[in-house]
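The values are calculated or read from the model by the stated rules, or taken from the named source; none is laboratory data. Computed from a prediction, not measured in an experiment: that's the story for all the values here. In this analysis, Cβ positions are derived from the backbone assuming ideal geometry, glycine residues included, and neighbour counts consider all displayed protein chains.
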Amino acid sequence: MKKMIITSVRFLIILLLLLFIVKSWFGINMPLFQKDTASQQVLNQRLQLPEGLSLSVFADKLPGARMLLLTETGDLLVSLSKHGKIILLHKDANADGAADASRELISHLNLPHGMGFYQDWLYIAETDAVGRIRFDAKRGKTVGEYQRIITGLPEGGNHWSRSLHFGPDGMLYVSVGSSCNVCQEKDPRRAALLRFTSEGKQAEIFASGLRNTVGFDWHPITHELYGVDNGRDLLGDDFPPCELNHIEQGGFYGWPYVNGQQIPDPDFGNKAKLETSTAPVHEFAAHTAPLSLIFIKNAKLRAALKADALVALHGSWNSSKKVGYKVVALQFDAENDITESDFITGFEVNDDVIGRPVDIVEASDGSLYISDDFTGSIYKVSYAAR
């Protein structure tokens, strides 16, 4: 027993020494061990929200909770990617502030991530495929067999997650991140936004040069497409920025040749590529890792918050100082100039992390749900002045 204890202590010392070396050499400062959901008291003390808003825990014990999707009856679907599952959280019918129940909806999937509804189908983006299954919203149940309608998507690599949404044109958009930090991809479908019909046909590359655009959404008035993108790593704490791009068909957004406001990459800088690239319309701080973007649909909430969109900043790993770990608001003016402001802060204070926001969805009443894969939590943000 004594030898086992000595061996364990030695292992811990070596591990801590290695972490110190890695942090010193590569500027890595990330939360290593996941935590349980913080108590409501701690959340109230730590989190800062705009006046009139309150945040509560809608559900917990959902390890690695990633993307969210609301059903027409108010139930909430959650992808547990690393567990290969989609979970259904029943709406809060008894008004106690929490999901009434949870149950497994689909399992045995290959890293499921993004989800979407089209007609009476539930679509799910797996790391190498897109599948669908009929969904009965009133009963909160699937009907029939799950079928993969798109297969052979490039899998593995640094960015395994696949996001999907249906656009105003009724087409299916699927985001595929890069396989690496920075490289020239052999498969042109990587670091790109793909488009298909609802049947998974007519595959095309809609836009490229998007290193890892996990979150994207359409402006509710102009129907223009915007997406957030994660900048590359290992170039210091302050460069390159993460991005918000106005994504148009056929557009090229720079990666891996160009960063931020068309600054050549030190490894792959290319003048010809720079001249054909489109710069971001807004920059987030480097390494903040924006993972979701939603335009606020509820007009009263949008006016009260003086914001048009919300972005979840998952938080840094490749930075000597923790940055991100919050939700920010974006306001577009008449000229489409964008102002960023804090919406929810306090998930990270003095290097102590109690949450990493991933996805945001808006309910019809203006309530917001936010997933947190660090604690396996779903938070509900309510606006008292509706």
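Among residues of segment 57-90 being of a type in the set (S, T, N, Q) and part of a loop (DSSP other than H, G, I, E, B), the one that is surrounded by the fewest Cβ atoms within 10 Å (Cβ to Cβ) is Thr73.
Here is the figure for segment 202-240: residues that are surrounded by 18 or more Cβ atoms within 10 Å (Cβ to Cβ) and polar (S, T, N, Q) total 4. Candidates in segment 118-137 are the residues that are more than 22 Å from His83 (Cβ to Cβ), touching a residue at least 40 places away in the same chain (Cβ under 8 Å) and part of a strand (DSSP E or B); of these, the one that is nearest to the chain's Cα centre (by Cα) is Tyr118. The residues of segment 345-384 that are among the basic types (Lys, Arg) and over 24 Å from Asn298 (Cβ atoms) amount to a single one, Arg356. Residue count for segment 241-254 under the criterion of being assigned to a loop (DSSP other than H, G, I, E, B) and either crowded, with 24+ Cβ neighbours inside 10 Å or out of contact with any strand residue (DSSP E or B) (no Cβ under 6 Å at 6 or more places or on another chain) (or both): the result is 4. Of the strands (runs of 3 or more DSSP E) lying entirely inside segment 138-228, those carrying at least 1 residues that are more than 25 Å from Leu77 (Cβ to Cβ) and touching a residue at least 12 places away in the same chain (Cβ under 8 Å) are 192-196, 204-208.
Restricting attention to segment 210-224, does a residue exist that is at pLDDT 95 or above, over 23 Å from Pro266 (Cβ atoms) and hydroxyl-bearing (Ser, Thr, Tyr)? The answer is no; no qualifying residue exists. A single entry from Leu305, Leu293, Leu313 fulfils the requirement of being touching an Asp or Glu at 6+ places or on another chain (Cβ under 6 Å) and either acidic (Asp, Glu) or surrounded by 20 or more Cβ atoms within 10 Å (Cβ to Cβ) (or both): Leu293. The conditions of being surrounded by fewer than 16 Cβ atoms within 10 Å (Cβ to Cβ), assigned to a helix (DSSP H, G or I) and in contact (Cβ under 8 Å) with a residue 12 or more places away in the chain are met by Lys300.
Residues in segment 255-285 that are assigned to a strand (DSSP E or B) and buried (at least 17 other Cβ atoms within 10 Å of the Cβ): 5 in all. The residues on offer are Lys322, Lys326, Lys300, and the sole one that is more than 19 Å from the chain's Cα centre (by Cα) and not small (Gly, Ala, Ser) is Lys300. I'm checking my understanding of the structure. Among residues of segment 91-119 that are touching a strand residue (DSSP E or B) at 6+ places or on another chain (Cβ under 7 Å) and either β-branched (Val, Ile, Thr) or farther than 24 Å from Ser161 by Cα (or both), which one is surrounded by the most Cβ atoms within 10 Å (Cβ to Cβ)? For segment 91-119, the residue satisfying everything is Ala99. The residue that is farthest from Lys380 (Cα to Cα), among those in segment 39-73 that are among the small types (Gly, Ala, Ser) and under 21 Å from the mean Cα position of the chain (by Cα), is Gly64. The residues of segment 172-199 that are more than 24 Å from Ser81 (Cα to Cα) and over 21 Å from the mean Cα position of the chain (by Cα), listed by number, are Cys183, Gln184, Glu185, Lys186, Pro188, Thr197. Considering only segment 10-31, state which residues are modelled with pLDDT of 60 or more and within 19 Å of Asp352 (Cβ to Cβ). The answer is Ile28, Asn29, Met30, Pro31.
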